Amino acid sequence: MMRRSYLTTPASVLTLALLCAAPSAAQKSASAAKGSDAVNIPFEKMTLANGLTVLLAPDHSVPQVTVDVWYHVGSKNELAGRTGFAHMFEHVMFTGSGHVPYGMHDRLTEGVGGNNNGSTTNDRTNYYETVPSNYLESALWLEADRMGYLLDKLDEAKFKAQRDIVQNERRQGVDNQPYGRAFELMDYGIYPDTHPYSWPVVGYMTDLQKAGVEDVKNFFRLYYAPANASIAIVGDFDMAQTKTLVNKYFSDIKAGAPITRPKVVAPVLAGEKRMTFEDRVQVPRLYLSWPSVGDDNDDTAPLQFLAQIISGPRTARLTKALVYDRQSAASVQAFNNDNENAGNFVINITPRPGTTLTQLEATTDSVLARLKQEGPSSEELAKTSAGLEFGFVSALQSNLGKANILLDGQVFHGEALDYKVQYAKLKAVTADDVKRVANKYLVPGRVVLSIVPLGKPELAASADKSTKVTVAPDGGHYIMGNKQ
Amino acid sequence: MIARTRISTTHLALLAAVAIGTPLTSVAAQAKLDRSVQPKAGASPKLRVPTWTKTKLANGADLIVIEKHDLPLVSFTIDFVGGAANYEPADKAGLAGFTGQMLSEGTKTKSADQLSDAQQLLGTSINGSVGNESGAVRFTSLKDKFEPALALLTDMMLNSTFPDSALERIRGRTIVGLSQQRDQPNSIAANIFTKVTYGDEHPYGRIVTEKSVKAITRDDILAFHKTYFQPGRAVITVAGDIDPKTVKGIVEKALVAWPAGGSRPTFKYPAPPAAKARTIYLIDKPKAAQSVFTFGTPGPSRNTPDYYSIAVMNNLLGGLFQSRLNHDIREVKGFSYGVNSNFAFGRGPGAFRAGGGIVSAKSDSALMGFMTHFKGVQGEMPFTDDEMKQGKESLIQSLPGRFASVNGIGAAISSIYTQDLPENYYKDFSEKINAVTKADLVRVAKKYIDVDHMNMVIVGDRAAIEASLIKTGVAPIVLLDVDGKPVMVP
């Protein structure tokens, strides 16, 4: 069950949908222009005096409506040693509030034929429900109550139960999962210890155990205020009536204090950092991760192209070389994981028997070297572009998809229409841009992580140069080298 | 850079046009809101079931056409009735899936790379797949790419060459995947459950193994392809922004080289193995943080008259987030990140299953919790009126969600014909669900949740959990290895 979840590689997935997600203003071809004219998200925006932003996008094709609330707070707002808090808080938000008894949220969403969920990333937390359109007012009542009155009903017992569930979530998604620690390990390798992106969204087990109900209260008061929230309402609703309802339920919630955002410095690796982690797996796996850039940087568009040109379809360069031509790998994945203020470009490869991680790394490097030297072909650009265009239109079929597209722009770029800008940037990407970012970011300073079967560190890529990483005895964080 | 500037201008113009001036600077005068008053829901929205046409192509395939014009998208699917359970030799599990995958490996006129490039340039992806009781070849594309994509699909379905080298590559990758599954507690639990519940003889008991995959030859694939992909068992569905007047001609013309032939399977299966007394099958996963539970028995087929009662009952037992199992074991006790239950509803005795990942130290308590709730829905814990309301409304009002996308709408309507449901299935759905009574729920729970013969598969850290599982007295424990072979205890 993936309900109420944190996202381990959120940005890559979401960004793909988002970047796919805009009409092509610059499109010249007649047929495609017809397509892009048809794709648009008509919406109105209202801003309440308390700072709450509300985006209203009607779509009457199905008698359902989605309410999606984003709070601009994620794991980067936590402190080292106090990790996992933003996500644990997300769980608490489903346990009832001042005027809403525990269980009522599910009763009035899933119990009437809708659904609900929440998710947390490094940068933001969201809560949403899709309900039959006659339950829109209930949904607004529920969201307003937990925005304004969560603490009225929060007690130790409720908090502890959710803390246990989050620990189970970590066991299920990370600790009990083959290769489950890979992303934590790469972030551990790339970011300095106190960097806001260095710890996992779900948090370290020891930190989760330390969290107390007072922490929750302080966190709520700081970040769960209207001025730090944006709402999208998408689907089958009446515009005028819904604006009245928004005012009715949200206008008297207090604005909240100004927020100091963490300073996120782009990480730089002086050289290559090679790590070996032993896990309960039978097949080793190679992970490469380079510091790149986040959502706030123009290079994300060409990096998106670069990822598609490296892996995915069978004719993508690395996929073709490793999986098809040499048949030395079972699978290859590349993506740019762009968080709000920083990112990393990741490639992971699972070998086929008979191929070592050392060989895979060498072949990968030669494929990347060639791409860096010659840049992509015009056909590679055209194929990527066509896939992104289709993905954009397809994402518009879902109310939640549209809500997230609008909110991503509103929250991270201060403008819900930002998807049009992002799309235009994508359309403007040239072969030279892709070549430039490949040379700029796929540099020697990177993390090379080998996950190998227990007791077999010799299976790591260039094992003699790789340093063993272990989980600290208290299960809290990672230790590099033999510090025991 | 120039492009970006130009587009920014467009963007500002749009901004002005779209964001009509609604910033509210003052709060409308209103009495203090009493937030303890739960808003009353208006009347339920009327279910709008899409309309469709059904005709036949000259070769006998059914053609379903559903219009949906809000976005320039088209979904095209050829569904095949029947699958591996009906057409695959018992010792070659994996053959059906391989054949589906190999439709992408090259045709008489295009190499695999050319097929892939052509799809990418159209912004689409054409996929072949064959599952246990059904298969499909399908794509979704922008409207103006529909015809070229359909031509590619036809070429792949009818003219594939199934090269030996591709078979070897797919075999190799599959074997890596199978060995990775042996690390995955969920995969282990699913495979062992299948084995102990259906045995090696029943088509539902077959699992893909390294041995079965190694037995597949190119001739097997050619033969499976020839037998399986026939219009006599095909339902073609076109859903989306299409012109209903021309679509049949377009499809007929694209598939003109597809000769008539084939028929639907009968889905007559042998009975599953005789039920055994309730047993815990424990597979050791040293130091596992969680125990994975998969409990169940063979269940009813999709055409059972009890379908609606089972749907409501299961919703309340382990379907909804607020179901009894998840509410108790996850939310109240905190033993899990989530537990659930479901009925597979195949053409034959598809399984009833319940389970989830349980924190190791609470495996015994959670086991007893499952037993309590199985017995609870059988009458020990009566269903409340509010549960009934929720169990039904959640099914009825979620139905429109199936009609939101072109893929969803196509699948919803084609399933009527691939699963032999009545044509008024969606129109009558709410009436059928509303007719279910509390007595029905108890009756179907007793009939289909056979607690005395339940197979209880647990994958977890034996050293940490075995003694406490024995102490519960729920069932004797049989130790199995990852392949389902008994472990000899010294």
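Output yes when any residue across region B:468-489 is in contact with an Asp or Glu (Cβ under 7 Å, 6 or more places away or on another chain) and assigned to a loop (DSSP other than H, G, I, E, B), and no when none is. Yes, some residue in region B:468-489 is in contact with an Asp or Glu (Cβ under 7 Å, 6 or more places away or on another chain) and assigned to a loop (DSSP other than H, G, I, E, B).
Within region B:307-350, no residue satisfies the criterion of being without any contact (Cβ under 8 Å) to a residue 24 or more places away in the chain and away from chain A (no Cβ under 14 Å). Selection of first residues in region A:168-183 that are facing chain B (nearest Cβ under 7 Å) and over 18 Å from B:Val459 (Cβ atoms) and of second residues that are assigned to a helix (DSSP H, G or I) and at pLDDT 85 or above, restricted to Cβ pairs under 9 Å at least 6 apart or on distinct chains, gives the following pairs, ordered by first then second residue: A:Glu169/A:His87; A:Glu169/A:His91.
Residue-level check: of (1) more than 20 Å from the chain's Cα centre (by Cα); (2) part of a helix (DSSP H, G or I); (3) among the small types (Gly, Ala, Ser), B:Gly318 misses just (1).
If you check B:Asp461, B:Asp420, B:Asp483 for being of a type in the set (Asp, Glu) and either more than 30 Å from B:Val208 (Cα to Cα) or in contact with a Pro (Cβ under 7 Å, 6 or more places away or on another chain) (or both), only one passes: B:Asp461. Being in contact with a strand residue (DSSP E or B) (Cβ under 8 Å, 6 or more places away or on another chain) and either assigned to a strand (DSSP E or B) or within 11 Å of chain A (Cβ to nearest Cβ) (or both) narrows it down to one residue among B:Gly128, B:Gly97; which is it? Answer to the check: B:Gly128.
May I ask you to verify whether B:Tyr281 is farther than 30 Å from B:Ala151 by Cβ, of a type in the set (Phe, Trp, Tyr) and assigned to a helix (DSSP H, G or I)? So B:Tyr281 does not fit the description; no. Filtering region B:382-435 to residues that are within 14 Å of chain A (Cβ to nearest Cβ), basic (Lys, Arg) and loosely packed, with under 14 Cβ neighbours inside 10 Å leaves only B:Lys389. The set of residues from region A:294-318 being in a helix (DSSP H, G or I) and among the small types (Gly, Ala, Ser) comprises A:Ala301, A:Ala307. Taking region A:343-366 as the region of interest, how many residues are within 12 Å of chain B (Cβ to nearest Cβ), within 30 Å of the chain's Cα centre (by Cα) and either without any contact (Cβ under 8 Å) to a residue 24 or more places away in the chain or not in a strand (DSSP E or B) (or both)? Of the residues in region A:343-366, 1 are within 12 Å of chain B (Cβ to nearest Cβ), within 30 Å of the chain's Cα centre (by Cα) and either without any contact (Cβ under 8 Å) to a residue 24 or more places away in the chain or not in a strand (DSSP E or B) (or both). The requirement of being facing chain B (nearest Cβ under 10 Å), touching a Lys or Arg at 6+ places or on another chain (Cβ under 6 Å) and at pLDDT below 95 is satisfied by A:Gln327.
If the condition is being under 19 Å from B:Thr194 (Cβ atoms) and either more than 13 Å from chain A (Cβ to nearest Cβ) or of a type in the set (D, E, K, R) (or both), then region B:351-368 contributes B:Ala351, B:Phe352, B:Arg353.
A Cβ distance below 7 Å, combined with a sequence gap of six or more or placement on separate chains, defines the contacts here; from region A:87-113, residues that are within 9 Å of chain B (Cβ to nearest Cβ) and farther than 14 Å from A:Lys160 by Cα reach residues that are among the hydrophobic types (A, V, I, L, M, F, W, C) and surrounded by fewer than 21 Cβ atoms within 10 Å (Cβ to Cβ) in the pairs A:Gly113/B:Ile396.
Does B:Thr140 satisfy the criteria of being more than 10 Å from chain A (Cβ to nearest Cβ), at pLDDT 95 or above and in contact with a helix residue (DSSP H, G or I) (Cβ under 9 Å, 6 or more places away or on another chain)? No.
Do you know which of the residues in region A:176-208 that are among the polar types (S, T, N, Q) and within 21 Å of B:Ser291 (Cβ to Cβ) is surrounded by the fewest Cβ atoms within 10 Å (Cβ to Cβ)? Across region A:176-208, the extreme among qualifying residues is A:Gln177. Go through the residues of region A:119-128 one by one and say whether even a single one is farther than 22 Å from A:Pro258 by Cβ, surrounded by fewer than 24 Cβ atoms within 10 Å (Cβ to Cβ), modelled with pLDDT under 95 and in contact with a Phe, Trp or Tyr (Cβ under 7 Å, 6 or more places away or on another chain). Within region A:119-128 (the criterion being farther than 22 Å from A:Pro258 by Cβ, surrounded by fewer than 24 Cβ atoms within 10 Å (Cβ to Cβ), modelled with pLDDT under 95 and in contact with a Phe, Trp or Tyr (Cβ under 7 Å, 6 or more places away or on another chain)), the answer is yes, since at least one residue qualifies.
So that you can scan it fast, the table gives a plain yes or no per residue for (1) hydrophobic (A, V, I, L, M, F, W, C); (2) touching a residue at least 40 places away in the same chain (Cβ under 8 Å); (3) part of a helix (DSSP H, G or I); (4) farther than 19 Å from B:Gly410 by Cβ:
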position	(1), (2), (3), (4)
B:Val235	yes, yes, no, no
B:Lys248	no, yes, yes, no
B:Tyr269	no, yes, no, yes
B:Pro272	no, yes, no, yes
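Checked against the criterion of being in a helix (DSSP H, G or I), at pLDDT 95 or above and not charged (D, E, K, R), region B:331-354 has no qualifying residue. Inclusion of A:Ala270 among residues that are at pLDDT below 95, outside any strand (DSSP E or B) and surrounded by 23 or more Cβ atoms within 10 Å (Cβ to Cβ) is not warranted. Under the condition of being touching a Ser or Thr at 6+ places or on another chain (Cβ under 7 Å) and over 22 Å from B:Thr140 (Cβ atoms), the residues counted in region B:89-112 number 6. Identification of helices (runs of 4 or more DSSP H) wholly contained in region A:379-484 with 1 or more residues that are within 20 Å of the chain's Cα centre (by Cα) and either small (Gly, Ala, Ser) or over 20 Å from A:Leu286 (Cβ atoms) (or both) yields A:399-413, A:418-427. Among the residues of this structure, A:Ala80 counts as one that is more than 9 Å from chain B (Cβ to nearest Cβ) and either at pLDDT 50 or above or farther than 30 Å from B:Asn326 by Cα (or both). Going through (1) of a type in the set (S, T, N, Q); (2) within 21 Å of B:Ser430 (Cα to Cα); (3) without any contact (Cβ under 8 Å) to a residue 60 or more places away in the chain; (4) crowded, with 22+ Cβ neighbours inside 10 Å one by one, B:Thr304 falls short only on (4). Residues in region B:164-186 that are buried (at least 18 other Cβ atoms within 10 Å of the Cβ) and hydroxyl-bearing (Ser, Thr, Tyr): B:Thr174 alone. The set of residues in region B:410-423 being touching a Ser or Thr at 6+ places or on another chain (Cβ under 8 Å) and part of a helix (DSSP H, G or I) consists of B:Gly410, B:Ala411, B:Ile413, B:Ser414, B:Thr418.
The values are calculated or read from the model by the stated rules, or taken from the named source; none is laboratory data. What you see is a predicted model, and the numbers here were worked out from it, not measured in a lab. Neighbour counts are summed over all protein chains in view; Cβ atoms, including those assigned to glycine, are modelled from backbone coordinates with ideal geometry.
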